[in-house]
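To start, the structure under review is shown below, and the notes come after it.
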Number of protein chains: 2
Amino acid sequence: MDQEGFRKAAHAVVEHIIEYNSTLSDRPVLPKIQPGYLRDLIPSNAPEQPEPWPLIQADIESQIIPGLTHWQSPNFMAFFPALVTYPSLLGEMYSAAFTAPAFNWLCSPACTELETIVMDWVAKALALPDCFLSTSSGGGGGVIHGSASEAIVTTMVAARERYLRVRADAEGLRDGTMERDDRIAFLRGRLVALSSDQAHSSTQKGALITGTRYRSISTCLSEDLSLTAPRLEEALQQCHADGLEPYYLTLTLGTTSTCAVDDFASIATLRSKYPNLWIHIDAAYAGAALILQEYQAQYSQDIGRISDSFNFNMHKWLLVNFDASCLFVQNRNHLTRALSINPSYLQNNFTESGLVTDYRDWQIPLGRRFRALKIWFVMRSYGIEGLRMHIENSLRVGETFTAMVVERRDLFEIIATPRFALTCLRLRPGVAVAARMKQRQVNEKMYMSGDAELPHPRSAGIASWGASDTREEQTIKVDAQSNLPGREGQEQASETLANNLTKDIADLINSRGEIFITPTTTARKTLIRVVSGNPVASKEHARKAFDIIVRTTEEVLDKCRQGEDLRN
Amino acid sequence: MDQEGFRKAAHAVVEHIIEYNSTLSDRPVLPKIQPGYLRDLIPSNAPEQPEPWPLIQADIESQIIPGLTHWQSPNFMAFFPALVTYPSLLGEMYSAAFTAPAFNWLCSPACTELETIVMDWVAKALALPDCFLSTSSGGGGGVIHGSASEAIVTTMVAARERYLRVRADAEGLRDGTMERDDRIAFLRGRLVALSSDQAHSSTQKGALITGTRYRSISTCLSEDLSLTAPRLEEALQQCHADGLEPYYLTLTLGTTSTCAVDDFASIATLRSKYPNLWIHIDAAYAGAALILQEYQAQYSQDIGRISDSFNFNMHKWLLVNFDASCLFVQNRNHLTRALSINPSYLQNNFTESGLVTDYRDWQIPLGRRFRALKIWFVMRSYGIEGLRMHIENSLRVGETFTAMVVERRDLFEIIATPRFALTCLRLRPGVAVAARMKQRQVNEKMYMSGDAELPHPRSAGIASWGASDTREEQTIKVDAQSNLPGREGQEQASETLANNLTKDIADLINSRGEIFITPTTTARKTLIRVVSGNPVASKEHARKAFDIIVRTTEEVLDKCRQGEDLRN
């Protein structure tokens, strides 16, 4: 493809992207395809001869778009948002044009220098304490990682090496001695990373990658699924009692399931007691809200007070497309000391001068893309003011949605405090039980009249509570006399029923693809998570989504009343 | 930025990129800026209000481009190439437009399915054995990682867990017992990863991240810096003698310093003796040459016979822009078993059906970009035929360059066999010594005539061999009688002198920025690496580069003869 060919192709792609975006609302958010759909459409070998661009572009429309989940649709309310905006897309274009796996400063100084500058911009925009700035006296700074998972693994390596060094030093073991090596090898096998049971799975995966253990700490709904100091301290003490060495703790600002926030203030009181425990704050999604003063006032100072490192993903809610995970550390030396390797072919006078940053020592990979450009473009195109307006809009849409759920408290209950535009709702157990009772009456009638080959409704009903593979399995305590569940069993059974029907509602909604929401189970409750950070999402989208949820709920309840789900 | 704004901006960016590319040859390949240049040009805070696009784009030209190292310039001959082509850039545009952190199949089925298909395309285009195909009976397959470093860390985790499991099983220790856990904790501390001393530093860094040890195995120039079976076996036995457990070995097809290739054929004979040792073949750069039949005939079968996993970076030499590192494994279960974590919010019926691939379990991060698009575009736009022509062109340019160096064997020696378009050259020690002798005569004359405040040339000369920070330091064996180096010392001294002057030549060339080449030191010899995989590079570029090297060499030698370097 020569310059003229690219000019024509690129202009066509720009138009195609604009058209794609303008039709997003009308497309089903989830694709209507079966696993393996693409294998039938694409040859099993690459072509021997070149193909012209128009042919390739046509296949995007006919083969690729039908298989996409449209994360940019305002009807996408699943997981967390992962937005792309036009300025961000322009950033990707330049980043590709300037391709350089900029592992050293010298490899393309602008890549490194712009990153340092925009990371400071971001830290200031979020009112993070000065200790996270590249200009801080303590040697802080920010770096763009691909994902929160990478940020966590990387800081875990730094934490692990710091922990082992400090422990060995404290025991007076001299560097390079067999004694020290043996002691470190022993301690290595005892290291344990911690997080609450609400933290993202990346901490557990990080422990796996770094070859350390992992323990999760229980939270409870009555404490809004937040990790508190007493629970943390109990867990730490249990680790010590078990001969384990807690070296890393992930706290969360906005957990994946319910956007819970760990109790930073109370945990801060433990900080001095466990100085060698690396505390990382994962604010992957909700960190974007720190662009607003009210959240800064609430969280920013605590973040500086308790955490060694902090990350949030601009690529979720803050209008920069994946990947742009911002990691800030209070002391970059812990990263570079743990991760720096300096083979001859990477040595150069600039690196040796100590005047430049080589971000390769702040991350797992060596090479890196020029991701600072898209952040720079987005922050300038929107201005801080524009970013604030965007987050405020999402919060308003979320509040509207929450209010609608509250209005229908006859049908739904809200689980955990709605936060950061996320609402978690669930069918009320009472409603589920009422529908099931109705079903029993129908079945009993059919059974009495000799109609249908159904099993006896009582046993069928009880059995079905744990019947399906994708449904919750549970042993229900049955009253010996009546062969019906006792009081405790009844409560348990109604919870299970509400869980299963909530899952049915979610699955039915997603199978139709009008909106996409995520069912999940936390604290034994199956929830439907609804969150839209889309910049074009409005109260009308929230209304439409809620209407679909209500309609589908009625449908599932009706089927349940008719006993239809038993026959499927 | 609305649709109309994007249309205008994107078209302007396309034109800017075309213009940038067409002026690349004329720009100095290395920027003429000092560390920190950008800090003075950019405000220290993000703007409060939005800025218009034309203002932002203008800053690309005035602030960013002056700080870029131009990897796409045909005068870039440093490191390895990291190319971008127009079809690849179009892939990045669509990838951004379709942004979805596609961690699950369901998150955007087309992302996953296209990746599986194009990875099979790539494997077939390289004539990799069928065991690496997604359709293989053994459960092989390919996945796109961001970098070779990630591919290596990921397979190290899989290798580590496989090793520990197999060992514990073999010792009859039952799952879930304290005994097994303790044994595994012990073994974990004894694990060691291996590679030759020529392998890329990513294996050492991978060992660091996974919390295991690392040992490098010496190679020698007389064996063309290739790792052989006897050297490997000796190293393995030494590990066992030291109570260590070798679990991972990186072999290289095209090492970073000299493009050496480890001796796959001889190492294959050891395979059955160490079945639990995971062998990874890192062909990050040179793997692209497997597009040609002559290299397929030489390497592809051996790769299948000895390696558990194989990676090469399309983003180096094969026209897809960074990042596109292709990792192939013979048994994907080792990855998923080691890396799979399945929290509730990621569960879905498709994943549970087992019919779909969730690439998140094949890598460290959770989210992933839609990188398959750019590979698809490049393979279709060029056709396999076009890819072959590109690699052949690079090889011809490389051969031309090598021939020119050979012609000037009076000045240069070639270190290691030139391969894969890379030539490593170095000033002949004899030439270096002759220049230095001349300098002594000059100095002696000046000293005798009472001119200059120079120290006595003899001592000054000897001292300066190890004087500078960036130069090699070495103790020269001095003859007690004459206070001049003895025979052995003379050889050593001339080697050191050739190293230092070669480094001077490289530094002077790079400081001028006409071409960019990499100096490195391997097997105690400082080399200048010259490699250009640029698709527009021609014999004329090779000629120009060589002329610059010769001219600069003469200049450095002249200065040396004049004793100028002593006075700086």
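The values are calculated or read from the model by the stated rules, or taken from the named source; none is laboratory data. Bear in mind the structure is a predicted one, so any value in this text is a computation, not a measurement. Every residue, glycine as well, gets a Cβ built from its backbone with ideal geometry; the counts of neighbours run over all protein chains shown. Please note that ligands, DNA and RNA were not included when accessible areas were found on the heavy atoms of the full protein model with its side chains. Shrake-Rupley method; radii C 1.70, N 1.55, O 1.52, S 1.80 Å.
Within the range A:45-57, the set of residues being open to solvent by 10 Å² or more (accessible area, probe 1.4 Å) and within 20 Å of B:Ala96 (Cβ to Cβ) comprises A:Trp53, A:Gln57. Scanning the range B:92-125 for residues that are under 30 Å from B:Val530 (Cα atoms) and surrounded by 24 or more Cβ atoms within 10 Å (Cβ to Cβ) yields B:Glu92, B:Val122, B:Ala123.
Residue by residue, here is whether (1) open to solvent by less than 10 Å² (accessible area, probe 1.4 Å); (2) away from every other protein chain (no Cβ under 11 Å); (3) without any contact (Cβ under 8 Å) to a residue 24 or more places away in the chain holds:
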| residue | (1), (2), (3) |
| --- | --- |
| A:Tyr382 | no, no, no |
| A:Glu385 | no, no, yes |
| A:Thr402 | no, yes, yes |
| A:Val406 | no, yes, yes |
| A:Ala432 | yes, yes, no |
| A:Ala435 | yes, yes, no |
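Answer with yes or no whether B:Pro47 is more than 9 Å from chain A (Cβ to nearest Cβ) and either in contact with a helix residue (DSSP H, G or I) (Cβ under 8 Å, 6 or more places away or on another chain) or touching a residue at least 60 places away in the same chain (Cβ under 8 Å) (or both). No: the conditions fail for B:Pro47.
Filter the range B:473-516 down to residues that are of a type in the set (Ser, Thr, Tyr) and open to solvent by 40 Å² or more (accessible area, probe 1.4 Å) and give me whichever is modelled with the highest pLDDT.
Filtering the range B:473-516 for residues that are of a type in the set (Ser, Thr, Tyr) and open to solvent by 40 Å² or more (accessible area, probe 1.4 Å), the one modelled with the highest pLDDT comes out as B:Ser511.
Condition first: at the interface with another protein chain (Cβ under 9 Å from one of its Cβ atoms) and in contact with a strand residue (DSSP E or B) (Cβ under 6 Å, 6 or more places away or on another chain). Now tell me which residues in the range B:113-145 satisfy that. Break it down stepwise before answering.
Applying the first criterion (at the interface with another protein chain (Cβ under 9 Å from one of its Cβ atoms)) to the range B:113-145 yields B:113-114, B:116-118, B:120-122, B:124-125, B:135, B:145.
Scanning the range B:113-145 gives B:Val122, B:His145.
Of all the criteria given as (1) open to solvent by 10 Å² or more (accessible area, probe 1.4 Å); (2) touching a helix residue (DSSP H, G or I) at 6+ places or on another chain (Cβ under 6 Å); (3) outside any strand (DSSP E or B), the one not satisfied by A:Arg543 is (2). Only one entry in A:Ala110, A:Ala100 is assigned to a helix (DSSP H, G or I), under 30 Å from B:Arg512 (Cβ atoms) and at the interface with chain B (Cβ under 7 Å from one of its Cβ atoms), namely A:Ala110.
The set of residues from the range A:283-307 being crowded, with 20+ Cβ neighbours inside 10 Å and not in a helix (DSSP H, G or I) comprises A:Ala283, A:Ala284, A:Tyr285, A:Ser307.
Residue-wise test of (1) farther than 29 Å from B:Ala158 by Cβ; (2) in contact with an Asp or Glu (Cβ under 7 Å, 6 or more places away or on another chain).
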position: A:Ala170; (1), (2): yes, no
position: A:Arg180; (1), (2): yes, no
position: A:Leu187; (1), (2): no, yes
position: A:Arg190; (1), (2): no, yes
position: A:Ala207; (1), (2): no, no
position: A:Arg215; (1), (2): no, no
position: A:Cys239; (1), (2): no, no
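Quick check on the range A:389-397. Is at least one of its residues away from chain B (no Cβ under 14 Å) and acidic (Asp, Glu)? Yes, the range A:389-397 contains a residue that is away from chain B (no Cβ under 14 Å) and acidic (Asp, Glu). When residues in the range A:257-287 are screened for being under 19 Å from the mean Cα position of the chain (by Cα) and not aliphatic (A, V, I, L, M), 8 of them pass. Listed by first and then second residue, the pairs linking a residue in the range B:207-235 that is without any contact (Cβ under 8 Å) to a residue 24 or more places away in the chain to a residue that is basic (Lys, Arg) and open to solvent by less than 20 Å² (accessible area, probe 1.4 Å), with Cβ atoms under 8 Å apart and 6 or more places separating them unless they lie on different chains, are B:Gly211/A:Arg160.
Does B:Gly138 satisfy being farther than 26 Å from A:Thr212 by Cα, of a type outside the set (A, V, I, L, M, F, W, C) and under 29 Å from the mean Cα position of the chain (by Cα)? Taking the combined requirement at face value, the residue does not satisfy it. Annotation: A:Thr417 fulfils all but one of (1) modelled with pLDDT of 95 or more; (2) buried (at least 17 other Cβ atoms within 10 Å of the Cβ); the unmet one is (2).
Inspect the range B:30-49 for any residue being in contact with a Gly (Cβ under 7 Å, 6 or more places away or on another chain) and within 30 Å of B:Ala288 (Cβ to Cβ) and give the result as yes or no.
Kept after step one, since they are in contact with a Gly (Cβ under 7 Å, 6 or more places away or on another chain), are these residues of the range B:30-49: B:30-33, B:37-38, B:47-49.
Narrowing further to those that are within 30 Å of B:Ala288 (Cβ to Cβ): B:30-31.
Within the range B:30-49, one or more residues are in contact with a Gly (Cβ under 7 Å, 6 or more places away or on another chain) and within 30 Å of B:Ala288 (Cβ to Cβ).
Scanning the range A:139-171 for residues that are closer than 30 Å to A:Phe80 by Cβ and in contact (Cβ under 8 Å) with a residue 60 or more places away in the chain yields a total of 20. In the range B:70-91, the qualifying residues are those that are within 30 Å of A:Asn21 (Cβ to Cβ) and polar (S, T, N, Q), and the one that is surrounded by the most Cβ atoms within 10 Å (Cβ to Cβ) is B:Ser88.
Let me confirm something: among B:Ile33, B:Ile65, B:Ile42, which residue is open to solvent by less than 30 Å² (accessible area, probe 1.4 Å), more than 7 Å from chain A (Cβ to nearest Cβ) and touching a helix residue (DSSP H, G or I) at 6+ places or on another chain (Cβ under 8 Å)?
B:Ile65
Those residues that are more than 29 Å from A:Phe312 (Cα to Cα), in contact with a strand residue (DSSP E or B) (Cβ under 9 Å, 6 or more places away or on another chain) and open to solvent by 20 Å² or more (accessible area, probe 1.4 Å), I need them from the range A:186-202; list them, please. So that I can check it myself, show each step before the final result.
From the range A:186-202, those more than 29 Å from A:Phe312 (Cα to Cα) are A:186-187, A:189-190; that's our starting set.
With in contact with a strand residue (DSSP E or B) (Cβ under 9 Å, 6 or more places away or on another chain) added as a condition, the list becomes A:187, A:189-190.
Answer for the range A:186-202, where residues must be more than 29 Å from A:Phe312 (Cα to Cα), in contact with a strand residue (DSSP E or B) (Cβ under 9 Å, 6 or more places away or on another chain) and open to solvent by 20 Å² or more (accessible area, probe 1.4 Å): just A:Arg190.
Given the criteria assigned to a helix (DSSP H, G or I) and under 26 Å from A:Arg368 (Cα atoms), does A:Val153 qualify? Write out each step before concluding.
Numbers: assigned to a helix (DSSP H, G or I): yes; under 26 Å from A:Arg368 (Cα atoms): yes.
Answer is yes for this residue.
For the range A:164-192, filtering for residues that are hydrophobic (A, V, I, L, M, F, W, C) and away from every other protein chain (no Cβ under 12 Å) leaves 4.
May I ask you to verify whether A:Ile384 is outside any loop (DSSP other than H, G, I, E, B), over 26 Å from A:Gln198 (Cβ atoms) and out of contact with any Ser or Thr (no Cβ under 9 Å at 6 or more places or on another chain)?
On the way: outside any loop (DSSP other than H, G, I, E, B): yes; over 26 Å from A:Gln198 (Cβ atoms): yes; out of contact with any Ser or Thr (no Cβ under 9 Å at 6 or more places or on another chain): yes.
Considered against the rule, which asks whether it is outside any loop (DSSP other than H, G, I, E, B), over 26 Å from A:Gln198 (Cβ atoms) and out of contact with any Ser or Thr (no Cβ under 9 Å at 6 or more places or on another chain), A:Ile384 comes out as yes.
Residue count for the range B:126-141, restricted to those that are in a helix (DSSP H, G or I), closer than 25 Å to B:Leu366 by Cβ and open to solvent by 10 Å² or more (accessible area, probe 1.4 Å): 0. In the range B:337-349, the count of residues that are more than 7 Å from chain A (Cβ to nearest Cβ), surrounded by 21 or more Cβ atoms within 10 Å (Cβ to Cβ) and either in contact with a Leu (Cβ under 6 Å, 6 or more places away or on another chain) or part of a loop (DSSP other than H, G, I, E, B) (or both) is zero. Taken together, the residues in the range B:8-17 that are facing chain A (nearest Cβ under 7 Å) and either crowded, with 17+ Cβ neighbours inside 10 Å or not in a helix (DSSP H, G or I) (or both) amount to 5.
Can you tell me which residue among A:Leu194, A:Leu208 is outside the structural domain of A:Pro101 (by TED's automatic domain parsing) and touching a Pro at 6+ places or on another chain (Cβ under 7 Å)?
Working: A:Leu208 fails: touching a Pro at 6+ places or on another chain (Cβ under 7 Å).
Step by step, each of A:Leu194, A:Leu208 is checked, and only A:Leu194 is outside the structural domain of A:Pro101 (by TED's automatic domain parsing) and touching a Pro at 6+ places or on another chain (Cβ under 7 Å).
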